[in-house]
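Reviewing the structure listed below.
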Amino acid sequence: MDNVRVEVEQVEAWAAELDALMQRIGPRFARSEARQRAKAYLQGLLSPAQRKNGWQLAEMMGDATPYGVQQFLYRAVWNPDELRDDLRAYVVDALGDDEAVLIVDETGFLKKGTHSAGVKRQPALACGSGPGYSGTAGRIENSQVGVFLAYASPHGHAFLDRALYLPQDWALDAERRQAAGIPEAVSFASKPDLAWKMLRQAVERQVPFAWVTADSIYGDYRSLRLWLESLPKRYVLAVSRKESVVIAWQQQRVGDLLNALPHAGWQRLSAGEGPRDPGCTTGC
């Protein structure tokens, strides 16, 4: 009976927290129907449904078709960037810590067709990846790629920001942009530039953190490294073999330094199973 009581109390606490969150973001939706849809949509995302597509979310909401979900996402009047700002404030309120870490990474979202904004046979960059390799699929596939900023502190971790990567051929194709509903103000930006913009916004909004970490896609972008040093903020960014570092006042390529190290000086560590190599870690 005590275990049941704890579970009931937990569920009630979660429901109360969701209500408090909706009070925070409710003003972002002009109509009450949109506010109700927003709450049901969040409940669907938090549900145990394995896939969070329109049909399954509609089923969780008790709808017979996904049209209501689609209407809310594509036609209801609300600004996703304003909700992102609310999310950032919410995360800082709950998890904020001066020793927190900002984590930059990207992932791919598989797409069957070619009409979704930014979709292309392009890399999501996981272990052993190369051009066109999707880490989500474990193979080369059509995908959208998103760059994400996460926040990790002693109190927990959560997403903070996001940006959809728009490949250059998409950015230059006016007809395709119009068909996909891409705003005119959106232009091509590299993945490091997207990450840098999100990091600048976090600094401008006074998000507390001490560290930034990312893989070599971002570590090879020297302007980003120099900007972090100017804040000043500590960072751990991977770099590729082609990058150079200064040692004893001399510039040396990372690849040359690695080749000079004794083979016995390395110890292989795993951060978990990769999509192709069970012992593969980022950059291996």
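The values are calculated or read from the model by the stated rules, or taken from the named source; none is laboratory data. It should be emphasised that the depicted structure is a prediction, and the values quoted were computed from it without experimental measurement. Cβ coordinates were reconstructed from backbone atoms using ideal geometry, including for glycine residues, and neighbour counts include every protein chain displayed.
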Specify which of the listed residues (34, 76, 38) is of a type outside the set (Ser, Thr, Tyr), more than 20 Å from the chain's Cα centre (by Cα) and farther than 21 Å from residue 162 by Cα. 34
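When you go through 93, 98, 81 one by one, which is the residue that is assigned to a loop (DSSP other than H, G, I, E, B), surrounded by fewer than 16 Cβ atoms within 10 Å (Cβ to Cβ) and at pLDDT 90 or above? Full working, then the answer.
On the way: 93 fails: assigned to a loop (DSSP other than H, G, I, E, B); 81 fails: assigned to a loop (DSSP other than H, G, I, E, B).
One residue alone meets the criteria, 98.
Could you check the stretch 222-256 and list, in sequence order, the residues that are touching a helix residue (DSSP H, G or I) at 6+ places or on another chain (Cβ under 9 Å) and basic (Lys, Arg)? First the steps, then the outcome.
Taking the stretch 222-256 and keeping what is touching a helix residue (DSSP H, G or I) at 6+ places or on another chain (Cβ under 9 Å), we get 223-225, 227-228, 231, 233-245, 247.
Selection gives 225, 233, 234, 241, 242.
Here's the yes/no breakdown for (1) farther than 25 Å from residue 96 by Cα; (2) modelled with pLDDT of 85 or more:
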| site | (1), (2) |
| --- | --- |
| 211 | no, yes |
| 218 | no, yes |
| 223 | yes, yes |
| 242 | yes, yes |
| 258 | yes, yes |
| 269 | yes, no |
| 277 | yes, no |
Let me confirm something: among 37, 88, which residue is among the charged types (D, E, K, R), under 29 Å from residue 205 (Cβ atoms) and touching a residue at least 60 places away in the same chain (Cβ under 8 Å)? 88
